[in-house]
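Report on the structure given below.
The values are calculated or read from the model by the stated rules, or taken from the named source; none is laboratory data. Keep in mind that this is a model prediction, so the values were computed, not measured. Don't worry about glycine lacking a Cβ; one is built from the backbone with ideal geometry, like all the others, and counts go over all protein chains shown.
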Amino acid sequence: MNEFVKPTLEYGHLWPLILVFGVACLGVLVEAFAPRPPRYLIQTVLAVSGLVAALVGTIVVGTDLETLKDGDTVVARGIVGSMGTIAIDGPTVYLWGLTLVFAILGVLLFAERRLEGGVTAFAGQAAALPGTEAERQASTRGWEHTEVYPLMLFAVGGMMLFPAANDLLTMFVALEVLSLPLYLLCGLARRRRLLSQEAALKYFLLGAFSSGFFLYGVALVYGFAGSMDFAAINEAVRNDVGNQALLLTGMGLLAVGLLFKVGAAPFQAWTPDVYQGAPTPVTAFMAAGTKVAAFGALLRLFYVAFGSDRWTWQPMLWVIAILTMVVGAVLALTQTDVKRLLAYSSVAHTGFLLTGVLGLQARGDLAIGQVTSLQAVLFYLATYGFATLGAFAVVTLVRDSGGESTALSRWAGLGKESPMVAGVFAFFLLAMAGIPLTSGFVGKWAVFAVALSAGAWPVVIVAILSSIVAAFFYVRVILLMYFAEPDGPAPSVTTPSVLTATTVALCTAATLVLGVLPGPLLDLAAHAGEFIR
């Protein structure tokens, strides 16, 4: 008869994660019991305070990680806690910090009210059908969905748990916890309600399919290894036990679930529709945060669980990376909507990040030159996140009588109408293109260098060609803003409150500083070390 083992939790290491979930639950209680008028202020302060406290806690946890050595060689920093289900190591803490920074900036965008005339960008009553009297009354009375703050915090909690998961079941739970709130948030736009609801439905249906693939992959890998623990799976792979067909099929199905979340081709179809239809603050937060969490989970799965079989999965990632970069760069050329253009840009950047993942080697030969594969990907995630979040924040400022004006034709002449807004947006586009003195240049150099040193030169050649194509459509938008004349009325730029202005300013500063002085963040990514195996 098996004895019951009392579960233990390492609260000293897990408390930033627990705090985020706790504040999310507190936000639900605020929605249930607080009167409507003060909810906006209460929820905003609560969300920002909780995320800042969690960020401080993450820094404290990061400075107190245990060093693991193999003889005199430091192999990793951190612990495996929660009965082996969660790994709190250097990369986990780095990704937690990055996610929380993006979440804080996202809350500032969520709380913006000046752009919509005293209300937020979220629907007053989500249950009201578009165009009905109920929707008009909700808009007239100035109602707004303050439930978005606890929903966002639950998503942030899932994003933190996702890269920390140390077994397949915990990873699946984290995947659902981060996804379900985002499905709801995507359908809550105040304007263009039908487009927003369509985006949410597409995201939900395709996300449910991808989760099904992931769960089926979990079952097959469990059938191969007899365990869901990553270390046990790696040991089974190393010893070549069981049915290899189960392993390969399960590995492929798991990859489908994760590649869907990062927006890699051929699983990218949801990206432009969801990015366009979702409220732009949600798009900004989702584009930055989800990419960080999903790539963290993908790296942990393929390095820790399947690291011994990298010669099997690396060719698959070669094909996926090449296809993703080509699809993202080529389809972006045909876009006439700025949010869809940024969506396909996000797809292309996913391919660049996968190029960095291809540099992943076995423990002991991870160092390639001066930058490791993991270090390059972690740095690129930061550069991409700040540039993308800042770009979407700028998109919220260009408006007409119908709300945000996202048609590219309406951005013609923006450089004359508002030189500062056009200049900041152009700077973010140049960073995404990888122009020197921006963070994007250093990020691309890092991921291309590690892939080239690992022998993936065909992928690097495609990445360089895709970067050239991408630079064309980025520069095309800049030329449109500064040298094209508008066909109709000049574009209108609304002055934001300090919330959006702070977000744009911080993202601009981060993009510039990481391009001029990338050393500190690269050192921080290097100090994070490797995943615990």
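Please verify whether segment 200-222 includes one or more residues that are free of Cβ contacts under 8 Å to residues at least 12 places away in the same chain and small (Gly, Ala, Ser).
yes
When only residues in segment 442-456 that are modelled with pLDDT of 90 or more and either among the β-branched types (Val, Ile, Thr) or farther than 24 Å from GLY519 by Cβ (or both) count, which is surrounded by the most Cβ atoms within 10 Å (Cβ to Cβ)?
Ranking the candidates gives VAL450 first.
Give the number of residues within segment 1-50 that are aliphatic (A, V, I, L, M) and not in a helix (DSSP H, G or I).
4
Would you check if there is a residue in segment 228-246 being under 20 Å from THR388 (Cα atoms) and not in a loop (DSSP other than H, G, I, E, B)?
no
Mind listing whichever residues of segment 266-295 are surrounded by fewer than 24 Cβ atoms within 10 Å (Cβ to Cβ) and among the small types (Gly, Ala, Ser)?
Result: ALA269, single match.
So that you can scan it fast, the table gives a plain yes or no per residue for (1) over 16 Å from the mean Cα position of the chain (by Cα); (2) modelled with pLDDT of 95 or more; (3) part of a loop (DSSP other than H, G, I, E, B); (4) within 29 Å of THR503 (Cβ to Cβ):
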| residue | (1), (2), (3), (4) |
| --- | --- |
| GLN268 | no, no, yes, yes |
| ALA284 | no, yes, no, yes |
| ALA293 | no, yes, no, yes |
| LEU299 | no, no, no, yes |
| ASP309 | yes, no, no, no |
| THR312 | yes, no, no, no |
| MET325 | yes, yes, no, yes |
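In segment 475-500, what residues are buried (at least 16 other Cβ atoms within 10 Å of the Cβ), in a helix (DSSP H, G or I) and either small (Gly, Ala, Ser) or within 25 Å of the chain's Cα centre (by Cα) (or both)?
VAL477, LEU499, THR500
Enumerate the pairs (first residue in segment 307-329 and farther than 14 Å from ALA348 by Cα; second residue anywhere and among the acidic types (Asp, Glu) and modelled with pLDDT of 90 or more) with beta-carbon separation below 9 Å, excluding pairs fewer than 6 apart on the same chain, so at least 6 apart or on different chains.
These pairs meet every condition: SER308/GLU235.
Test VAL357 against the criterion of being modelled with pLDDT of 95 or more, surrounded by 21 or more Cβ atoms within 10 Å (Cβ to Cβ) and of a type outside the set (Lys, Arg), and give yes or no. Working first, answer last.
Details: modelled with pLDDT of 95 or more: no; surrounded by 21 or more Cβ atoms within 10 Å (Cβ to Cβ): yes; of a type outside the set (Lys, Arg): yes.
So VAL357 fails the test.
Kindly evaluate GLY217 against the criterion of being closer than 21 Å to VAL256 by Cβ and surrounded by 22 or more Cβ atoms within 10 Å (Cβ to Cβ).
In short, yes.
Inside segment 501-533, can you point out the residues that are crowded, with 17+ Cβ neighbours inside 10 Å and part of a loop (DSSP other than H, G, I, E, B)?
PRO518, ALA528, GLY529, GLU530, PHE531, ILE532, ARG533
Between ALA76, ALA54, ALA87, which is surrounded by 14 or more Cβ atoms within 10 Å (Cβ to Cβ) and at pLDDT 95 or above?
One residue alone meets the criteria, ALA54.
When you go through (1) at pLDDT below 90; (2) outside any helix (DSSP H, G or I) one by one for ARG410, which number turns out not to apply?
Evaluating ARG410 over (1) at pLDDT below 90; (2) outside any helix (DSSP H, G or I) leaves (2) as the failure.
Quick check: is even one residue across segment 421-433 surrounded by fewer than 24 Cβ atoms within 10 Å (Cβ to Cβ), over 18 Å from SER467 (Cα atoms), over 24 Å from the mean Cα position of the chain (by Cα) and not polar (S, T, N, Q)? Working first, answer last.
Step one: list which residues in segment 421-433 are surrounded by fewer than 24 Cβ atoms within 10 Å (Cβ to Cβ), which gives 421, 423-424, 426-427, 430, 433.
Still in the list and also over 18 Å from SER467 (Cα atoms): 421, 423-424.
Filter once more, so that each one left must be over 24 Å from the mean Cα position of the chain (by Cα): 421, 423.
The next check asks that each one be not polar (S, T, N, Q); those that pass are 421, 423.
Within segment 421-433 (the criterion being surrounded by fewer than 24 Cβ atoms within 10 Å (Cβ to Cβ), over 18 Å from SER467 (Cα atoms), over 24 Å from the mean Cα position of the chain (by Cα) and not polar (S, T, N, Q)), the answer is yes, since at least one residue qualifies.
Given the criterion farther than 25 Å from GLY434 by Cα and crowded, with 23+ Cβ neighbours inside 10 Å, identify the matching residue among LEU298, LEU247, LEU253.
LEU247
Among the candidates VAL23, VAL61, which residue alone is within 30 Å of PHE392 (Cα to Cα) and either surrounded by fewer than 18 Cβ atoms within 10 Å (Cβ to Cβ) or in contact with a helix residue (DSSP H, G or I) (Cβ under 7 Å, 6 or more places away or on another chain) (or both)?
On inspection, the qualifying residue turns out to be VAL23.
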